[in-house]
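> Dropping a structure here in structure tokens format, bear with me for questions.
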Amino acid sequence: MNDVTPASGTPGTTGTPAGGTRPRVAVVFGGRSSEHAISCVTAGSVLAAIDREKYDVLPLGITQDGRWALVADAAERLAIGNSGRLPDVTDVAEPGGSVVLAADPTQRELTLVETGQVTDLLGGVDVVFPLLHGAYGEDGTIQGLLELAGVPYVGSGVLASSVSMDKEYMKRVFEGFGLPIGPYTTIRPRDWERDPAAVREAVAALGFPVFVKPARAGSSMGISKVHDIDALDEAIETARKHDPKVIVEGMLTGREIECGVLETRDGAIASVPAEIRVRGDHEFYDFEAKYLDDVTETDVPALLTDEQTREVQRMAVAAFDALSCEGLARVDFFLLDGGGVVINEVNTMPGFTPVSMYPQMWKASGVEYPELVDRLISAALERPNSLLR
């Protein structure tokens, strides 16, 4: 197992910013994607964990229509309700609290706007923790805005975020680096609209069952397991509700293994791997299994041989480096029944509640949740934006 004790490769803490105040961390969450609610849940956990004696914290929510808003610093209001009610930025947004971040590297002020008039300057932001899952957040878009604004941020840059979000191009990068992936085919909008028969033929060539997925979505949104050609069209249309580009992956038989990667000054290091098993009527690890139903079992660490553990950790770091990731990522694998390890995907902003797999793997590796949050913020404060790195 890699040396992943808290002292190993820990980024140094930062000094206070100019002016002598504590660094101000803007925690940005919500967003326009179908993963809005999960982003809110993640933000609640991070807000509760940030060391308030070390950092000033500014929670900022993005509504589902794209408005940036000041929100209440109330972590408990961002949890999934007992009835399964999913949180939303509008539930915690302050009245009249719309804000604007200028894409101007000479200033880092957030401007509070009411009825079209600038009413207050909220002060400079030293670092952004973008807890956004899916499109318009995890896909390089907010990273591009922050690059323009010259504001440091937690996590991967524009390229790694964008490529990791697009499952087709992520697989193409892995192929280029000689990393193992499973069989797949891509369905672009024009393919499905102009020649659906050719699409069905390409999918059938993979052999059934297959998994039909939005090419650029996460949290298992819009994913279907398809057992025969008769169910294919409906599954494609379901995926297209989340992304007009669809990817279809051939079935791989094996165990689902995950591994966390954390960047340090000395390079990326891997956590202990974990395994997920789904019980009951769920055929795969879908949204309900992840977040709403108590149907999953996990082993943290996974019950692997030493050789298997080393290989998963090696490939996790290799995938992280192949995509030029930064900060953090979770790499998902299949450990095939016939032997061998295949990369499924990389998440540059994985689920990040204390019970999510990424923090759980690092806890089992000796890094508790609050320390993990602190490491990521400290590293981002030390790292210049991408073109200056």
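> Taking the stretch 272-320, which residues are at pLDDT 55 or above, part of a helix (DSSP H, G or I) and surrounded by fewer than 14 Cβ atoms within 10 Å (Cβ to Cβ)?
Passing the criteria: 306, 307.
> Filter the stretch 213-237 for residues that are over 22 Å from the mean Cα position of the chain (by Cα) and either among the β-branched types (Val, Ile, Thr) or in a loop (DSSP other than H, G, I, E, B) (or both) and give the result.
Result: 226, 227, 228, 229, 236.
> Does the stretch 344-363 contain at least one residue that is among the hydrophobic types (A, V, I, L, M, F, W, C), part of a strand (DSSP E or B) and on the phi < 0 side of the Ramachandran plot?
Yes: the stretch 344-363 contains one or more residues that are among the hydrophobic types (A, V, I, L, M, F, W, C), part of a strand (DSSP E or B) and on the phi < 0 side of the Ramachandran plot.
> Pull out all pairs, ordered by first then second residue, where Cβ-Cβ is under 8 Å, the residues are six or more apart or on different chains, the first lies in the stretch 233-244 and is closer than 18 Å to residue 32 by Cα, and the second is hydroxyl-bearing (Ser, Thr, Tyr).
239/224; 242/34
> Among (1) buried (at least 23 other Cβ atoms within 10 Å of the Cβ); (2) of a type in the set (A, V, I, L, M); (3) in contact (Cβ under 8 Å) with a residue 40 or more places away in the chain, there is one condition residue 49 misses while meeting the rest; what is its number?
(1)
> Shifting gears a bit: If I ask for residues that are basic (Lys, Arg) and either under 18 Å from residue 170 (Cα atoms) or surrounded by fewer than 17 Cβ atoms within 10 Å (Cβ to Cβ) (or both), which ones from the stretch 207-246 would you list?
213, 216, 225, 241, 245
> Then there is this: Among residues belonging to the stretch 63-80 that are closer than 13 Å to residue 37 by Cβ and at pLDDT 90 or above, point out the one that is surrounded by the fewest Cβ atoms within 10 Å (Cβ to Cβ).
Taking the candidates together, the pick is 64.
> Would you mind finding the one in 213, 225, 171 that is among the basic types (Lys, Arg), out of contact with any helix residue (DSSP H, G or I) (no Cβ under 9 Å at 6 or more places or on another chain) and touching a residue at least 12 places away in the same chain (Cβ under 8 Å)?
171
> Related question: In this structure, does residue 203 turn out to be buried (at least 21 other Cβ atoms within 10 Å of the Cβ) and over 23 Å from residue 236 (Cβ atoms)?
So residue 203 does not fit the description; no.
> Suppose we filter the stretch 323-368 for residues that are open to solvent by 10 Å² or more (accessible area, probe 1.4 Å), farther than 15 Å from residue 131 by Cα and either in contact with a Pro (Cβ under 6 Å, 6 or more places away or on another chain) or among the aromatic types (Phe, Trp, Tyr) (or both); how many remain?
Within the stretch 323-368, residues that are open to solvent by 10 Å² or more (accessible area, probe 1.4 Å), farther than 15 Å from residue 131 by Cα and either in contact with a Pro (Cβ under 6 Å, 6 or more places away or on another chain) or among the aromatic types (Phe, Trp, Tyr) (or both) number 4.
> Moving on. Can you name every residue in the stretch 23-64 that is assigned to a strand (DSSP E or B), farther than 15 Å from residue 142 by Cα and not basic (Lys, Arg)?
25, 56, 57, 58, 59 - these are the residues of the stretch 23-64 that are assigned to a strand (DSSP E or B), farther than 15 Å from residue 142 by Cα and not basic (Lys, Arg).
> Still on this structure, please answer the following. Based on this model, can you work out whether residue 354 counts as within 26 Å of residue 126 (Cα to Cα), at pLDDT 90 or above and not polar (S, T, N, Q)?
No.
> Condition (residue is farther than 24 Å from residue 33 by Cβ and surrounded by fewer than 20 Cβ atoms within 10 Å (Cβ to Cβ)) applied to the stretch 142-151: is it met by at least one residue?
Yes, because at least one residue in the stretch 142-151 is farther than 24 Å from residue 33 by Cβ and surrounded by fewer than 20 Cβ atoms within 10 Å (Cβ to Cβ).
> Are there any strands (runs of 3 or more DSSP E) wholly within the stretch 82-133 with 1 or more residues that are over 17 Å from residue 72 (Cβ atoms) and modelled with pLDDT under 85, and if so which?
93-101, 109-114, 117-124
Results for (1) modelled with pLDDT under 95; (2) in a loop (DSSP other than H, G, I, E, B), shown as yes or no for each residue.
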| site | (1), (2) |
| --- | --- |
| 137 | yes, yes |
| 145 | yes, no |
| 148 | yes, no |
| 162 | no, no |
| 173 | no, no |
| 186 | no, no |
| 192 | no, no |
| 197 | no, no |
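The values are calculated or read from the model by the stated rules, or taken from the named source; none is laboratory data. A quick note: this is a predicted structure, and the numbers were derived from the prediction, not measured. Note: ideal-geometry Cβ built from the backbone for every residue, glycine included; neighbour counts use all protein chains shown. Each accessible area value is taken on the protein alone, full model and side chains, heavy atoms only, with ligands, DNA and RNA left out. Shrake-Rupley method; radii C 1.70, N 1.55, O 1.52, S 1.80 Å.
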